[in-house]
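A quick write-up on the structure given underneath.
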Amino acid sequence: MSNPWLRELWRMVALFGGALFVGWLLGVPHGMFTLALAGYLGWHLYNLHRLERWYRRRKKTEPPTASGIWGEVFEHIYQWQRSDRQRKKKLATILSRFKESTAAMPDATIILTEDDYIEWFNKAAKRYLGLQSKQDIGQRIDNLIRHSRFSEFLARGDFSEPLEMVSPLDEQRYFAFRVVPYGKQHKLLVVRDISRIKRLERMRSDFVANVSHELRTPLTVVSGYLENMAADDSEQSNQWSKCLHQMQGQTQRMTRLVEDLLMLSRLENEDKTAVRDPVAVSALLTSLVDDARVLSGENQHRISLESDDNLWLRGSEKELTSAFSNLLFNAVQYTPDNGHIIVRWYRDGDNACFEVQDDGIGIAIQHVHRLTERFYRVDAGRSREHGGTGLGLAIVKHVLDRHEAWLGIESQPGKGSVFRCTFAPKMLMQRDASTENR
Ligand code: ADP
């Protein structure tokens, strides 16, 4: 009989039937039945008590044994206890293997709780960040890595990109901090030493800066001689005038290229954040628009300026001038004669926007996301024709990165383009332009 309840039923029938029969023989059927009932109830109570006592002592011991339905209950508990033990053992093995492998990893690995308290870290974390097992477990990570950029990174909660930062212990080393949230309440903080990559990047950009710097002097000499020769009115010189003119054009292009390369490497090598001086954007734009009109010359572009005079920026005037002029002069270069160009500087909610709109040649969508790459041009011939270096928008992007701003481009071929720089609220200042005398 496989069903335990059926077996139990038969036991009951046998017990109570037997009791009634003996009671009938003795002439006390009710008394015997009550006695059997009390015995049966006592047996249940006794087993219930054993179960409760086992549960209180908990799990270390195996559950008691019994006959009947209680035997079945204890057997189930025993099976469940065994599989639970095996599962725990397996989990513990997995966990210790995970800890062993992360402990052996060359990257610092730290397990953080949801609120950024340290739960565990490997040996590399001790080396990289100077963490100490006894004191630091249970501490908040940003109390131990004290750096405003790190705290901001943690608080922002956007971990799609790693944070690259100088080591908190050694200024010569660079680390990339990556946070990977896992489970519901944990984060894995992985810290990689990227000093070598940074060194290589630095070497590359130093090389470009040095070459550009070395080219400056010979270029100045050559263009000086060319200028003198062009000014010379002799017959011999007139013979060469077309040639001289071309040579002057090319030396000017090279000079611009060298200046742009130097500007880019300066932006790359300097501190991540630019200076934070007050910049009167409106006044700056007025002078840039004048320059753009001169550049437009006979092409007769109609250039207008709509600007909020009281809205100022915190930043480097030199860098912002470079970024804004690149966008404005591009609009002049890539807009046919008599085209319209509108320059705007305005508040947009909490942010502020600098915008250049033109009704020029526009850009096909597939090029738009690559425009800020160095030397990326939609039409290289056209860019060179007007002396473009292909570095203008790369400079714009770098300057904006250093000013907590970002570039948006909307464009349609044949209809025109809008280049928009959006600045975060913390970069803005409200000043009454009429009372400022700068
Ligand atoms: P360049 O020196 O060639 O102008 P930039 O980096 O300033 O280099 O610009 C990259 C490319 O973006 C340009 O070659 C041009 O094809 C395109 N471009 C930039 N501004 C505009 C614009 N206002 N209208 C159309 N195309 C533009």
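The values are calculated or read from the model by the stated rules, or taken from the named source; none is laboratory data. Owing to the predicted nature of the structure, the values given are computational and were not obtained by experimental measurement. We place every Cβ from the backbone using ideal geometry, glycine too, and count neighbours over all the protein chains shown. The area values use the complete protein model at the heavy-atom level, side chains included, leaving out ligands, DNA and RNA. Shrake-Rupley method; radii C 1.70, N 1.55, O 1.52, S 1.80 Å.
Values as computed for the structure displayed
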read-out: Under the Karplus curve 6.51 cos²θ - 1.76 cosθ + 1.60, θ = phi - 60°, whole-Hz ³J(HN,Hα) for segment 119-132, x wherever Gly or Pro sits; value: 9, 7, 8, 9, 5, 4, 5, 5, 5, 6, 10, x, 6, 10
read-out: Anisotropy class of segment 247-358 from Cα gyration tensor, a/c 1.5 cut; value: oblate
read-out: Cα-centred dipole magnitude for the chain, charges only on beta-carbon of K, R (+1) and D, E (-1), debye, nearest 20; value: 3800 debye
read-out: For segment 396-433 and segment 1-70, distance of Cα centres in Å; value: 85 Å
read-out: Trypsin sites (Lys or Arg not before Pro) restricted to DSSP loop in segment 236-313 with at most 12 other C-beta within 10 Å; value: LYS272
read-out: Cross-link pairs LYS88/LYS184; LYS134/LYS184; LYS123/LYS198; LYS88/LYS187; LYS99/LYS126 - those with Cα-Cα distance over 19 Å; value: LYS88/LYS184; LYS134/LYS184; LYS123/LYS198; LYS88/LYS187
read-out: Shape call, segment 105-193: gyration tensor on alpha carbons, a/c limit 1.5; value: rounded
read-out: Whole-angstrom gap from segment 74-98 to segment 223-274, using each part's C-alpha centre; value: 78 Å
read-out: 15 Å Cα-Cα reach of LYS242 towards aspartates and glutamates, excluding residues that sit fewer than 8 places from it in its own chain; value: GLU227, ASP232, ASP233
read-out: Kyte-Doolittle mean at least 1.0 and Cα axial length at least 27 Å: DSSP H helices in the chain; value: 4-26
read-out: CD proxy at 222 nm, helix term only [per DSSP H run n ≥ 4: -39500 (n - 2.57); per residue of the chain; nearest 500]; value: -18000 deg cm²/dmol
read-out: Gap separating the Cα centres of segment 136-181 and segment 356-385, nearest whole Å; value: 38 Å
read-out: Percent carbon-and-sulfur accessible area, the chain, ignoring ligands, DNA and RNA, probe 1.4 Å; value: 55 percent
read-out: Reachable aspartates and glutamates, given that their alpha-carbon falls under 18 Å from the alpha-carbon of LYS415 and they are not under 8 places away in the same chain; value: ASP337, GLU355, ASP358, ASP359, ASP379
read-out: Mean separation of Cα contacts under 8 Å, 6 or more apart, over the residue count of segment 281-438: relative contact order %; value: 27 percent
read-out: Over the chain, relative contact order from alpha-carbon pairs under 8 Å, at least 6 apart, %; value: 9 percent
read-out: Mean separation of Cα contacts under 8 Å, 6 or more apart, over the residue count of segment 105-193: relative contact order %; value: 32 percent
read-out: Shape of segment 198-291, Cα gyration tensor, a/c cut at 1.5; value: oblate
read-out: Qualifying trypsin sites (Lys or Arg not before Pro) for segment 175-232 [loop in DSSP, other Cβ within 10 Å: at most 13]; value: LYS184
read-out: Residue range of the chain that is longest and free of chymotrypsin sites (Phe, Trp or Tyr not before Pro) which are both DSSP loop and sparsely packed (at most 16 other C-beta within 10 Å); value: 1-158
read-out: The chain, accessible area per residue, ligands and nucleic acids excluded (1.4 Å, Å²); value: 62 Å²
